[in-house]
1. Considering only residues of segment 154-180 that are of a type in the set (A, V, I, L, M, F, W, C) and open to solvent by 30 Å² or more (accessible area, probe 1.4 Å), which is farthest from the chain's Cα centre (by Cα)?
2. Which one of Gly260, Gly271 is outside any helix (DSSP H, G or I), under 20 Å from Leu331 (Cβ atoms) and at pLDDT 75 or above?
3. Here are Leu143, Leu130, Leu121: which of them is open to solvent by 20 Å² or more (accessible area, probe 1.4 Å) and either under 19 Å from Leu513 (Cβ atoms) or among the aromatic types (Phe, Trp, Tyr) (or both)?
4. So which of Gly91, Gly58 ends up being surrounded by fewer than 24 Cβ atoms within 10 Å (Cβ to Cβ), modelled with pLDDT of 90 or more and farther than 17 Å from Leu11 by Cα?
5. Looking for something small (Gly, Ala, Ser) and either open to solvent by 20 Å² or more (accessible area, probe 1.4 Å) or at pLDDT 80 or above (or both) - is there at least one such residue anywhere in segment 300-315?
6. Of all residues being open to solvent by less than 20 Å² (accessible area, probe 1.4 Å) and among the hydroxyl-bearing types (Ser, Thr, Tyr) in segment 1-42, which is farthest from Ala440 (Cα to Cα)? Just the residue, please.
7. Can you confirm whether Gly157 is free of Cβ contacts under 8 Å to residues at least 24 places away in the same chain, small (Gly, Ala, Ser) and closer than 18 Å to Val465 by Cβ?
8. Could you check segment 267-299 and list, in sequence order, the residues that are of a type outside the set (S, T, N, Q), more than 13 Å from the chain's Cα centre (by Cα) and surrounded by fewer than 24 Cβ atoms within 10 Å (Cβ to Cβ)?
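The values are calculated or read from the model by the stated rules, or taken from the named source; none is laboratory data. Just so we're clear, the structure is a prediction, and the values are computed from it rather than from any experiment. Cβ coordinates were reconstructed from backbone atoms using ideal geometry, including for glycine residues, and neighbour counts include every protein chain displayed. Only protein heavy atoms, including side chains, enter the accessible area calculation; ligands, DNA and RNA are left aside. Shrake-Rupley method; radii C 1.70, N 1.55, O 1.52, S 1.80 Å.
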Amino acid sequence: MIQKLKNNIFLVVSVLLCLFILVEVNYPQLAPQSELALFAMLGLIVVFLRYPIHSHFGEARKPKLAVKSADNPVFQTLDVVCIGSVIACFGYVVTQTEPIFQGFWLDGRSLGDRAGAELSLDYIVGGVGLILVLEATRRSIGLTLPLLSLAFLLYAGFGQFMPDGLFPHRGYSVQRIISQTFLHSQGTFGIALRVMFTYVFLFVLFGTLLERTGATSYVLDLARRVFGASAGAPAKVAVLSSGMMGSLSGSAVANTATTGTFTIPLMQRSGFPPTIAGGIEAAASSGGALVPPIMGAAAYMMLEIVEPAVTYLEIIRAALLPAILYYTGMLCMVHFAAKSRRHTPRNAHSSEETSGDASKEKRGKLLTLQGFIFLAAFVTLIGVLLIGATAFRAVSWSLLIVIAITLLGYLIRRIRGQPSNTETGVGASDLRQGINFLIAPCERAAQSGVSLIAAAACVGIILGVVTLTGIGSKLPSVLLPLASTNLVLALFFLMISTIILGMGLPSSVCYLLMAILVGPVLLDLGVVPLAAHFFIFYFGMMSMVTPPVALAAYAAAAIAGSGIMATGFAAFRFALVGFALPYAFVMRPALLWLNSDGDIPGLWTVFGNFSLTLFGTVIFAAAIAGYVFNRLALWTRGILFAAALILFFIPTDVQFVWIHGIVIVASIAIFYSNWRKKETHHEKPD
């Protein structure tokens, strides 16, 4: 009985959360702090409904609500207390901010007007609110971020006792810290939560709705048609479909769990070892958030952080060529690995081969409808952006188009008397229940997005302390002299710190912290601002496949039934091109359609830089895989690896053209020699 009530409340709050965001973002009625307070309140209620107080007492981090603690009155009471406290604390911020509640304002002034002279009740509410944010974050994503936030809070309170190397300051009172981190707009209700509210959650809802309409089936079928009977076709299907689906979800782990369910068994049936199959899927899924036009949450944070300001179209344009290079490198790695291991797609289509003609025709019609919905959504998104609309307005229109086309297709089938097909992703069974078709994506979006809401609120605590203590300006002043004479060294330090931080945090949260704390170092070294932010963004995503904490690889290993660490190292190897590309587009901002001044370069400049990097990507993949037309000797792999790094790192200035020429000629000579060796030995075709 209790569990059923929780499920019903969860469903209602999920729908309210999605509707509130969709309406308020497009037609704002509330003050900025009030809308963020309501957004956080609804998100944290879902967290306390979905995640138990400890994973031992429920199935946290799974789509279904925890059920094991349902009969425990103590834990149920704690959850009710937490939910009631969330409503009280965040509702207090709303009532003390919105003019409509002016009659309830304490001391006759709004919360903003009481800044610096808050009342005792303000501090009590703020302190309880901070505890709730920390607890919700702990439940939803683990201890790392809450502990980091606590460390910053302690730093704010006891900064006067810090040694010189830890950036001492005069210290602040508890009241001042609470005011900065919760009661006003520089902490919990700051930029991190603003980005989640304005951009991220709508795109999460967009992705879940597309999945509901059958995008997964369409993408997998499209990938199968593209690669046909080529070597390692099932693995190539995994790479392409994971890239396309990752652009929908923006989450490496969610993408692995979604597409990996189909692609990993497909690869295993065709002869790939479980470890390799899981590694390929994890590496491909981790790059999905880098694929425009949707991308990951960090892309929307750039809209608020990058200076000078950039538009969403500029971010999409900048992300396009690096995404092509990343997935080209992965496809080459997979192809060379498949040729080396003699993997053929003998079972890649076994399920299709055994199905009847009627079933094939039925599925073909279904995929045509799914493909139309899929393409219509993306055309709408890009088209609305091109006419100058904001990102949230564009995704809102795309949502409406998807809903309209899907419901229209359902009505046409009903008018024609065609039965609904429960095998479709279009949600035929939900459509029979009418409004449930719209409710299901809201529920899924809430399940996927509330952990990011809690994390964003918690990151706001850190950012509030950074602003209060001034550590954001002190840290770059210390790091800059360490790498002032060597840009590559500065990039290396930033890569290591981003990967380490990303091991315990969502990639978007990792990006936000690093962009604010360390990003100014790159700007002081003369790096194009957008290139600096993309550098951090890429390595935040690569932390998902970097052992020992490689969360995407963990999800893939669970599906493949392989060892966690072995799958993690396999994913790391297949994603290695993603560790080299960020250096390439910092050295060559033309890959982001930028020049050193941040303007758009000429087309031939972009083409030249892209061509060199593309060739470097191919030989990099060959060096890592150890195969081209034949197995490569170790010394040959070393030469190709060094050649690839030269093409990645050496600028395309006129004085370096001869170096690029020598590298290209030497690489082609090695490829030709390897091909001749195969012809000489009369090897059978693979």
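1. Here is the first cut: in segment 154-180, the ones of a type in the set (A, V, I, L, M, F, W, C) are 154, 156, 158, 161-162, 166-167, 174, 177-178.
Retained after the next criterion (residues that are open to solvent by 30 Å² or more (accessible area, probe 1.4 Å)): 154, 158, 161-162, 166-167, 174.
Working: Leu154: 30, Phe158: 35, Phe161: 38, Met162: 36, Leu166: 32, Phe167: 32, Val174: 35 Å.
The extreme case among them is Phe161.
2. Working: Gly260 fails: outside any helix (DSSP H, G or I).
Step by step, each of Gly260, Gly271 is checked, and only Gly271 is outside any helix (DSSP H, G or I), under 20 Å from Leu331 (Cβ atoms) and at pLDDT 75 or above.
3. On the way: Leu130 fails: open to solvent by 20 Å² or more (accessible area, probe 1.4 Å); Leu121 fails: either under 19 Å from Leu513 (Cβ atoms) or among the aromatic types (Phe, Trp, Tyr) (or both).
Checking each option against the conditions leaves just Leu143.
4. Numbers: Gly58 fails: modelled with pLDDT of 90 or more.
One residue alone meets the criteria, Gly91.
5. Initially, segment 300-315 is screened for residues small (Gly, Ala, Ser), giving 309.
Those left that are additionally either open to solvent by 20 Å² or more (accessible area, probe 1.4 Å) or at pLDDT 80 or above (or both): 309.
Looking for residues that are small (Gly, Ala, Ser) and either open to solvent by 20 Å² or more (accessible area, probe 1.4 Å) or at pLDDT 80 or above (or both), one finds at least one in segment 300-315, hence yes.
6. Ser34
7. Details: free of Cβ contacts under 8 Å to residues at least 24 places away in the same chain: yes; small (Gly, Ala, Ser): yes; closer than 18 Å to Val465 by Cβ: yes.
Spelling it out, Gly157 is indeed free of Cβ contacts under 8 Å to residues at least 24 places away in the same chain, small (Gly, Ala, Ser) and closer than 18 Å to Val465 by Cβ.
8. Hits for segment 267-299 are Arg269, Gly271, Pro273, Pro274.
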